[in-house]
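Below is one structure, written out as structure tokens, with a few remarks after it.
The values are calculated or read from the model by the stated rules, or taken from the named source; none is laboratory data. Predicted model only: the values in this text are computed from it and were never measured. Methodologically, a virtual Cβ is constructed for each residue, glycine included, from the backbone with ideal geometry; neighbour enumeration extends over all protein chains shown.
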Amino acid sequence: MATTTLPPAAKRAIFEPEHEDYRESFAKFLAKEVTPRFDEWDQAGIVPRELFTKAAAHGFLAMAVPEEHGGPGVADFRFNVVLIEEAARAGVGAAFAGPMLHTDVCLPYILSGATPEQKQRWLPGIASGERILAIAMTEPGTGSDLAAVQTRARREGDVYVLSGQKTFITNGINCDQVIVVAKTDPDAAHAGMSLLVVDAESPGFKRGRQIDKLGQHASDTAELFFDDVRVPVENLLGAEGSGFMQLMQKLVPERLTLAVASIAGAEHVLDITLEYVKQRKAFGRPIGSFQNSRFVMAELKTEITITRTFVDDLIRRHCEGEVSIEEAAMAKWWTTELLGRVTDRCLQLHGGYGYTREYEISQAWVDARITRIYAGTTEIMKELIGRSMGL
């Protein structure tokens, strides 16, 4: 175990003793259930469905689901933060990406947008991990420009007839239910977008190829096809035409979640590199004793420490409902770019070994690259921030 370069989480003022007890329990869960099988899942390109049910059984999935619907009923975002951080620090973030998407990205749409009847139908399976969630926004020709979505949902009596294609869908292979972004009024731009919850058993729903990604292999990503899928009207999430507003309202927690994962990942990479440069020798002494190595490590520790302060403040204020879309964009942009810099410079310090799969740094370097793209590219984050300044 590497010696941490930063103060332990227990000293961070945003957490209470119960969060640290939860952290300890989850670290033990990862060590027993995930770390020993991580390489196997990485090679397979997917985690088993049992990971979701096991996580749920231990209180590590869909924590915000109310007790009356079979969940823990814990709506404190700091518990979500603990899971994200510990998965990153254990080096198994890719394996837990699916459960985190289920918990941190998809579930909030159900909790805030579903009717009491829908919650009764959906939440018990979501809480137990038996009904795995995915959300389908991106299309082959549509990324950040959601107004250009081509997937259509045509109302016919008591059903919507859904047709279209989605891509880059996390949990695409494992999912049982998909929150689909579709146009219910093609002529109304953003106001014509709606969210439909589609059961994977529905006729006309097809999973395409599992996408062969550069990194984060343990997280399954797939194409999804909807060929005249008949979706009951009672599966409309929120009011018709409210899809875009629902998406906008969830941007803050989604991007803050990615910021939390990125800064925790950067801390972990710095830790394992510190251990390496203390042990690896060149010219008769540890490579960490050379001035260049010391300067690089000092620079990275300083950047990470400053960023950690910013992110922790956002976590605290998010729990109080005070974080803006622009601040979440800043956090997503800055932390993911920092993660890229940290992994690249730390790989350099590993020398030739850093370019082999023998050392963890190589996988961290590859996995970090996507963080600057998904959930809004760095360029889109800067555009949002710039517009918030009246530019």
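The sole residue among Ala148, Ala114, Ala127, Ala134 that is of a type outside the set (Val, Ile, Thr) and closer than 17 Å to Gln216 by Cβ is Ala134. Annotation for region 1-11: no member residue is surrounded by fewer than 14 Cβ atoms within 10 Å (Cβ to Cβ) and modelled with pLDDT of 95 or more. Among the conditions (1) modelled with pLDDT under 95; (2) part of a loop (DSSP other than H, G, I, E, B); (3) within 24 Å of the chain's Cα centre (by Cα), Arg209 misses just one, which is (2). Exactly one residue among Val296, Val323, Val311 is touching a helix residue (DSSP H, G or I) at 6+ places or on another chain (Cβ under 6 Å), not in a helix (DSSP H, G or I) and not hydroxyl-bearing (Ser, Thr, Tyr), and that residue is Val323.
Scan region 220-278 for residues that are among the aliphatic types (A, V, I, L, M), crowded, with 18+ Cβ neighbours inside 10 Å and more than 21 Å from Leu83 (Cα to Cα) and the total you get is 9. Consider Ala328 carefully, then state whether it is in contact (Cβ under 8 Å) with a residue 40 or more places away in the chain and either of a type in the set (A, V, I, L, M) or part of a loop (DSSP other than H, G, I, E, B) (or both). Spelling it out, Ala328 is indeed in contact (Cβ under 8 Å) with a residue 40 or more places away in the chain and either of a type in the set (A, V, I, L, M) or part of a loop (DSSP other than H, G, I, E, B) (or both).
Within region 245-252, is there a residue that is modelled with pLDDT under 95 and charged (D, E, K, R)? Yes.
Which one is surrounded by the most Cβ atoms within 10 Å (Cβ to Cβ), of the residues in region 175-191 that are under 11 Å from Val149 (Cβ atoms), within 27 Å of the chain's Cα centre (by Cα) and not hydrophobic (A, V, I, L, M, F, W, C)? It comes out as Lys183. Within the bounds of region 23-40, is there any residue that is under 27 Å from Val311 (Cα atoms), surrounded by fewer than 20 Cβ atoms within 10 Å (Cβ to Cβ) and of a type in the set (Ser, Thr, Tyr)? Yes: region 23-40 contains one or more residues that are under 27 Å from Val311 (Cα atoms), surrounded by fewer than 20 Cβ atoms within 10 Å (Cβ to Cβ) and of a type in the set (Ser, Thr, Tyr).
In region 211-228, the count of residues that are among the polar types (S, T, N, Q), out of contact with any Lys or Arg (no Cβ under 6 Å at 6 or more places or on another chain) and in the same structural domain as Tyr353 (by TED's automatic domain parsing) is zero.
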